[in-house]
Amino acid sequence: MAGTLAEKVWESHVVHRGEGEPDLLYIDLHLLHEVTSPQAFDGLREAGRPVRRPELTLATEDHNVPTTPGPITDPVSRTQVETLRRNCEEFGVTIYPMGDAEQGIVHVVGPQIGLTQPGMTIVCGDSHTSTHGAFGALAFGIGTSEVEHVLATQTLPLKPFRTMSVTVDGELADGVTAKDVVLAVIAKIGTGGGQGYVIEYRGSAIRALSMEARMTVCNMSIEAGARAGMIAPDETTFAYVQGRPHAPTGADWDAAVAAWSELRSDDDAEFDTEVVLDAAELTPFVTWGTNPGQGSPLGEAVPDPELMGDDNDKVAARRALEYMGLEAGTPLREIHVDTVFVGSCTNGRIEDLRAAAAVIEGRRVAEGVRMLVVPGSARVRLQAEQEGLDAVFTAAGAEWRLPGCSMCLGMNPDQLAPGERSASTSNRNFEGRQGKGGRTHLVSPLVAAATAVRGTLSSPADLEPKEALV
Amino acid sequence: MESFTTHTGVGVPLRRSNVDTDQIIPAVYLKRVTRSGFEDGLFAAWRTDETFVLNDPSYSAGSVLVAGPDFGTGSSREHAVWALMNYGFRVVISSRFADIFRGNSGKQGLLTAQCTQDDVELLWKLLENEPGTSVTVDLESRTVTAGDLVASFEVDDYTRWRLLEGLDDISLSLRHEADIDAFEGSRPAWKPRVTA
């Protein structure tokens, strides 16, 4: 029978299948961080169970870590990080702690060291695990009870997902990025549109994306409600994986590529739902509301809730505008921001930093605007410094920080003050996400950098040409 | 896990859609390393508003939350389930739940009862007109009863069975340990490992 990519990866991991039961799936890689794991390790201890496969388990510290030098000052945050270290030592799990050359946001670390590979099942107690689907892996976020389950059994009982294809054909215009694509997808299908589905992104515009851009797209699948997003592996994928520390080598590499080359949806495979977008119609996209589906092209105005057809949408939009302090009809380009955040598992990789740096080079962050640039990992930071990107950012007046989740969710001191407004390359614009009372506009790294320069939501096309700057 | 057959308690109308897990419990409350004590973070930002439903004493004994569609979206934090349960909720009723939240609830014994939006609207009216009204949620018959209203709800068969029996997943999965061993024996050697 013809199958989709997701179904093929699923089928190759079924350990046990029984009538009326969920399938028991094998998990190839389990990533851990400090926030969602302590109670899971407690559960193991209480039951006297070991970690079944420590060699398929990796921990990193990311959510709580400060992005300025020095130890964690908040005692509760520190306890959480120290608890992870103790648990990893007790159960024999590898950990990349603060200050380690491999430390970083869990979803940046896995791919960069080559642990994320096509056809794998990957889980983590973090909803943005969908990121790893960019490699053609079936990767999804789980809760703490499931973390404990995977630690104990290296498996998860799961009911099959439905499949959705999102096809983006055509060519993206200059200045339109993977972030704009996925924000447009979410606005189209809604925050609940993907519930119960695995999304497979297809089409020529997706194929043309780099691996890092593909990760941005898959990362935000969860914001459409989908548990996972996937992209079939191809030469771009293989070239990215090859040579990384955990990539197969020699004959193993050939065997792996042969297996990975089979990983694509059959031509006659049927998806439960199909969505199509025309790449040529996409423009820079920003959010105006308090869920990632409340977004519009940058060239438009804040929408009028009263003109919305659906009652729930109307009520939600009214409430969102009140929280965001916005009026219907205001052009999005006229919205002033206080803070610009470049970073997160969505847009904290080297290509994101290069894109933002290219815009801001030779320009200045606007008066009264604070710009934070937080690399996704220690390796990304090092690479950026070798390329001189840190100097570009600091010369423009931005702050160059240490790696971590940072202002994406404000578990560390990087937060918005009540009423403050940000343009953020992160993934969630929920009420209070970046600090109590904070107001978030989700944007691409290009829009973030241009916004930092003008002080209002902007794309690079809105900036004066650099030749005009002396 | 404690088994769940039927529950009767005060219903709390939460007239909001897209209640994401950052609203259920903001990130700053996620730093504890225990499974208890999260009730202080439940809807923390909204509870600063005097008019928020949980600040109304009529609902103070609430244990059945009736919310708008797309409840539990966003982060995978199981702390959202712990916060609701630590506060005293045993059931959440909504017309649509986010997948991860629903899964987490099932593991902890919090029932996510999926009703139609029409029934949710009827429940909201009833609970707002007569604050303190009790709602009975019967998992055997998959029905919600409040006043004269009787509504059916959906919950998948497997979760229902586990909740009724109070079974924990790890023991269930470990019954298949021989299958897990066999699967591991068949994995290609080139699959990555964190350590050699």
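The values are calculated or read from the model by the stated rules, or taken from the named source; none is laboratory data. Everything numeric here is computed off the predicted structure, so don't read it as measured data. Every residue, glycine as well, gets a Cβ built from its backbone with ideal geometry; the counts of neighbours run over all protein chains shown.
When B:VAL33, B:VAL81 are checked against the criterion of being more than 7 Å from chain A (Cβ to nearest Cβ) and either under 27 Å from A:GLY437 (Cα atoms) or buried (at least 24 other Cβ atoms within 10 Å of the Cβ) (or both), B:VAL81 stands alone in meeting it.
Name the residue that is farthest from A:THR73 (Cα to Cα), counting only residues in segment A:83-102 that are in a helix (DSSP H, G or I) and not basic (Lys, Arg).
As a first pass, look at segment A:83-102 and keep what is in a helix (DSSP H, G or I): A:83-91.
In the following step, the residues that additionally are not basic (Lys, Arg) were identified as A:83-84, A:87-91.
On the way: A:THR83: 15, A:LEU84: 17, A:ASN87: 21, A:CYS88: 22, A:GLU89: 23, A:GLU90: 25, A:PHE91: 27 Å.
Out of the qualifying residues, it is A:PHE91.
Quick check on segment B:115-127. Is at least one of its residues within 28 Å of A:ALA59 (Cα to Cα), part of a helix (DSSP H, G or I), touching a Ser or Thr at 6+ places or on another chain (Cβ under 7 Å) and within 12 Å of another protein chain (Cβ to nearest Cβ)? Taking every residue of segment B:115-127 in turn, none turns out to be within 28 Å of A:ALA59 (Cα to Cα), part of a helix (DSSP H, G or I), touching a Ser or Thr at 6+ places or on another chain (Cβ under 7 Å) and within 12 Å of another protein chain (Cβ to nearest Cβ). Acidic (Asp, Glu), more than 8 Å from every other protein chain (Cβ to nearest Cβ), out of contact with any Gly (no Cβ under 6 Å at 6 or more places or on another chain) and buried (at least 20 other Cβ atoms within 10 Å of the Cβ): is that true of A:GLU34 in this structure? Answer is yes for this residue.
If you check B:ASN86 against the conditions, is it surrounded by 24 or more Cβ atoms within 10 Å (Cβ to Cβ), within 24 Å of A:GLU146 (Cβ to Cβ), modelled with pLDDT of 95 or more and touching a Lys or Arg at 6+ places or on another chain (Cβ under 9 Å)? Step through it out loud before you land on a result.
Working: surrounded by 24 or more Cβ atoms within 10 Å (Cβ to Cβ): no; within 24 Å of A:GLU146 (Cβ to Cβ): yes; modelled with pLDDT of 95 or more: yes; touching a Lys or Arg at 6+ places or on another chain (Cβ under 9 Å): yes.
It is false that B:ASN86 is surrounded by 24 or more Cβ atoms within 10 Å (Cβ to Cβ), within 24 Å of A:GLU146 (Cβ to Cβ), modelled with pLDDT of 95 or more and touching a Lys or Arg at 6+ places or on another chain (Cβ under 9 Å).
When we screen A:PRO375, A:PRO403 for residues that are within 24 Å of A:VAL181 (Cβ to Cβ), away from chain B (no Cβ under 14 Å) and in a loop (DSSP other than H, G, I, E, B), the only hit is A:PRO375.
Quick check on segment B:170-187: of everything there that is more than 7 Å from chain A (Cβ to nearest Cβ) and not in a helix (DSSP H, G or I), which residue is modelled with the highest pLDDT? Result: B:ARG187.
Taking the stated definitions as given, is A:THR68 in contact with an Asp or Glu (Cβ under 8 Å, 6 or more places away or on another chain) and either more than 13 Å from chain B (Cβ to nearest Cβ) or farther than 27 Å from A:GLN117 by Cβ (or both)?
Numbers: in contact with an Asp or Glu (Cβ under 8 Å, 6 or more places away or on another chain): no; either more than 13 Å from chain B (Cβ to nearest Cβ) or farther than 27 Å from A:GLN117 by Cβ (or both): yes.
Taking the combined requirement at face value, the residue does not satisfy it.
Taking segment B:58-78 as the range and being touching a Cys at 6+ places or on another chain (Cβ under 9 Å) and within 13 Å of chain A (Cβ to nearest Cβ) as the test, only B:SER76 passes. If you check A:PRO418 against the conditions, is it modelled with pLDDT of 95 or more and over 20 Å from the mean Cα position of the chain (by Cα)? For A:PRO418, the condition - modelled with pLDDT of 95 or more and over 20 Å from the mean Cα position of the chain (by Cα) - is met. For the residues A:ALA251, A:ALA224, the requirement of being free of Cβ contacts under 8 Å to residues at least 12 places away in the same chain and among the aliphatic types (A, V, I, L, M) singles out A:ALA251. Segment A:243-306 holds strands (runs of 3 or more DSSP E) entirely within its bounds, and those carrying 1 or more residues that are surrounded by fewer than 18 Cβ atoms within 10 Å (Cβ to Cβ) and in contact with a Lys or Arg (Cβ under 8 Å, 6 or more places away or on another chain) map to A:273-278. Consider segment B:84-99 and keep the residues that are within 10 Å of the chain's Cα centre (by Cα) and assigned to a helix (DSSP H, G or I). The one that is farthest from B:ALA44 (Cα to Cα) is B:MET85.
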